[in-house]
Amino acid sequence: MAYLEITLQIDPKDRAAATGVYGKYKQPFLADVPGARSKELLVRDEDVQVLHGFDSVTHANDYLASDLFTPTWSASWPPSSKRTPTSASLTSPNSGRDRSNLIQGLS
């Protein structure tokens, strides 16, 4: 398994809209993205995090370059959110080490 965690800064007044975006794209992600295994949302006081689970690092990187992620998904966030994630990390629990250097397409 590989996990892609994306952290976004979203104004508190727009957090409900962010959960709507998550709900809109969760099922298409799981149904249409090769290797997709899970998608979870964490709404915190300081940010919003989306955790995507994949069967491989390759599929996680492929998703980042796909139309479901860019531009469709990123353009759906509330206007007050930063379009570029403040941080993203890609990890593979089997390797026991951070694989952030494998992330592509987030600049």
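Among the candidates Trp73, Trp77, single out the residue that is at pLDDT below 80 and assigned to a helix (DSSP H, G or I). Talk me through it step by step, then tell me what you get.
On the way: Trp77 fails: assigned to a helix (DSSP H, G or I).
On inspection, the qualifying residue turns out to be Trp73.
What is the residue count in region 54-64 for residues that are touching a strand residue (DSSP E or B) at 6+ places or on another chain (Cβ under 7 Å) and surrounded by fewer than 19 Cβ atoms within 10 Å (Cβ to Cβ)?
Total meeting the criteria: 2.
If I ask for residues that are in a helix (DSSP H, G or I) and under 15 Å from Leu4 (Cα atoms), which ones from region 23-40 would you list?
Hits for region 23-40 are Lys26, Phe29, Leu30.
Conditions first: (1) in a helix (DSSP H, G or I); (2) under 17 Å from Tyr63 (Cα atoms). Asp14 passes all but one, so which condition is the exception?
(2)
The values are calculated or read from the model by the stated rules, or taken from the named source; none is laboratory data. Every value quoted in this text rests on a predicted model; they were computed, and no experiment measured them. Here Cβ is always computed from backbone atoms with ideal geometry, including for glycine, and neighbour counts include all displayed protein chains.
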